[in-house]
1. What are the pairs, 6+ residues apart or on separate chains, where a residue within segment A:44-62 that is small (Gly, Ala, Ser) has its Cβ under 7 Å from a residue that is modelled with pLDDT under 90?
2. Restricting attention to segment B:257-274, does a residue exist that is among the hydrophobic types (A, V, I, L, M, F, W, C), within 14 Å of chain A (Cβ to nearest Cβ) and in contact with a helix residue (DSSP H, G or I) (Cβ under 8 Å, 6 or more places away or on another chain)?
3. Identify the single condition in (1) without any contact (Cβ under 8 Å) to a residue 24 or more places away in the chain; (2) in contact with a Ser or Thr (Cβ under 9 Å, 6 or more places away or on another chain); (3) closer than 28 Å to B:VAL174 by Cα; (4) away from every other protein chain (no Cβ under 12 Å) that B:SER216 does not satisfy, given that it satisfies every other one.
4. Is it fair to say B:MET160 is in contact with a strand residue (DSSP E or B) (Cβ under 6 Å, 6 or more places away or on another chain), within 14 Å of chain A (Cβ to nearest Cβ) and either over 26 Å from A:LEU45 (Cα atoms) or of a type in the set (A, V, I, L, M) (or both)?
5. How about segment A:16-41: which of its residues are surrounded by 13 or more Cβ atoms within 10 Å (Cβ to Cβ) and at pLDDT 90 or above?
6. For B:ARG235, state whether it is more than 9 Å from chain A (Cβ to nearest Cβ), among the charged types (D, E, K, R), in contact (Cβ under 8 Å) with a residue 12 or more places away in the chain and closer than 22 Å to B:LYS201 by Cβ.
7. Could you grab me the full set of residues in segment B:262-289 that are surrounded by 14 or more Cβ atoms within 10 Å (Cβ to Cβ) and in contact (Cβ under 8 Å) with a residue 60 or more places away in the chain?
8. For B:VAL162, are the conditions met, namely being over 13 Å from the mean Cα position of the chain (by Cα) and crowded, with 22+ Cβ neighbours inside 10 Å?
Amino acid sequence: MSDIPLEKCYRILEVRPGASPAEVKSAYVRLKKLYTDESPVIKVLTSEFTAEDKTSILAEIEDAHRIIMAALEQPILPPRPIPDIPAAHPTPAVSPKPAAPIPAKPVEPPKPAAAMLPANSAVLAAPAAPFPDSSGPMLKLRREIRGVSLHDIYVATKIRVEVLENIEAEKFEALADISFLRTHLIQYARFIGLDPKETTEHYLVRYADWRRRRAQAQAAEGKK
Amino acid sequence: MSIEPTARKGEIWSVGGGKGGTGKSFLVSCIGTALARKKHQVTLVDLDLGGANLHSFFGLSGPRPSLTTFFEFGSRLDELRFPTGVENLSLITGNAESMTSTNIQFSQKLKLYRQMTQLNTQFLIVDLGAGCHVNTLDSFLAADRMIVVTVPEVPSVENMYVFIKNALFRKFKVVLKNRGFGNVVSDAWADRRALGLKNIKDLVEHLRQDRPETGSYLDELLAGFKVHLVINQIRDHRDVGLGLAVKSIFSKYLGLDVRFAGTIEYDDAVWKSVREGRPFLLSHQTSPCARQIEDIADNILNDREAR
């Protein structure tokens, strides 16, 4: 019984895929109570069913809860290679040197304003590597761990699957408008149970970095 | 057969639930008013023949054209509509003096459903009587959206459960018969003792094994059998959880999709407004109860659930 697909586990616990651990827990507690100490009103609904039926429903609830919690607690490994900026726009052969020396400590997450001001911050000038948490591939990984499909997100948020794919693949050139992108990231993060503020900040730093590099590449192109 | 989908002009909603006095007619009058206030053309049909009182929720009384003339003298359904006093909302009453739902002929029933589908209206909301008579079940099943109302009390919940089960059983019976399987459902149920079938879930499993070719029809039927649940007259916050509990039990035991549309709290203003003959949603627009009903109408319309 222990290898129920994750998607079915969410159905058994009657929560949406991507529900937060707290939501999963409270659904589990509610269902366990419902099927163990039945109130008189509930008894009239279940009286036709056998004790085995009830036992198997309770066992399924236990299994589903255990599987989902195990999946949610699974440590998320840092991504290994950060994908290169997609080459739709030519990038310079030599990548630009960081304007600031790479700090010894991991860089603190940037202030929200930093993400709004591309090309104007020492943090942005650093390579994207210090911000692995919310890169597109990491978002994808976290989404998959939670058993959420892009279609699920589309149904809840009306963000087209194609746009969601571009976000996860970091096809920045297709994500032209930063204000739309920000809204989409917030909705995406909320739906899969990530912190929307943190996710948006980290992702937009990568996006801003790409814009800066694209601008530099275009400037270099113009000089030729 | 009539209870299977046919082309229609408007959307048909039916409100049933087995037990009398749970607020079916009240809900029909209010949902109708809520939709009409959103500029939809709505027609209510009182099919609670013998116990028709939908007109009284609009303060209407006295002799009016009713379904009696449809059944006994062959009037057309669209000639029987009259205004309720609420803009965009009309009513076909069921005060059929000499009739009950039990003495409608099969051909009359088909004619009624045919004319219901042809009626020029955006929404047609059918108020059903109590009980599980086959005509009541068929009218329930003929709708695009099936709604059941219960109050959070044992007898009412029990009747609601029996009503849904009977409706499902009826649908199995009709659909499989129409697909050329004869009386396979009734026969199996008649033999239930010998076959060891305790409930409708056992029956479905038996049919799947005994007649595997029915499997795809059973799947389709179970997946398409969607009931919207309204819990009326909530007096205690603990009753709020009943909607999700009923949903869970139907899904886990019977594999049925019960959509929990919402709860309506108990409000003395309801019977006062009925006594005064004023449509509740208009006379108590700002009451919590009115807002809950508007949410319910919205949830059903958009196939959403309450949370």
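1. Here the result reads A:ALA59/A:MET1, each pair linking segment A:44-62 to a residue that is modelled with pLDDT under 90.
2. Within segment B:257-274 (the criterion being among the hydrophobic types (A, V, I, L, M, F, W, C), within 14 Å of chain A (Cβ to nearest Cβ) and in contact with a helix residue (DSSP H, G or I) (Cβ under 8 Å, 6 or more places away or on another chain)), the answer is yes, since at least one residue qualifies.
3. (2) is the only condition that B:SER216 fails.
4. For B:MET160, the condition - in contact with a strand residue (DSSP E or B) (Cβ under 6 Å, 6 or more places away or on another chain), within 14 Å of chain A (Cβ to nearest Cβ) and either over 26 Å from A:LEU45 (Cα atoms) or of a type in the set (A, V, I, L, M) (or both) - is met.
5. Matches in segment A:16-41: A:VAL24, A:LYS25, A:SER26, A:ALA27, A:TYR28, A:ARG30, A:LEU31, A:LYS32, A:LYS33, A:LEU34, A:TYR35.
6. No.
7. Scanning segment B:262-289 gives B:ILE264, B:VAL270, B:VAL274, B:GLY277, B:ARG278, B:PRO279, B:PHE280, B:LEU281, B:LEU282.
8. no
The values are calculated or read from the model by the stated rules, or taken from the named source; none is laboratory data. Here the structure is a predicted model, which is why all the values come from computation and not from measurement. Note: ideal-geometry Cβ built from the backbone for every residue, glycine included; neighbour counts use all protein chains shown.
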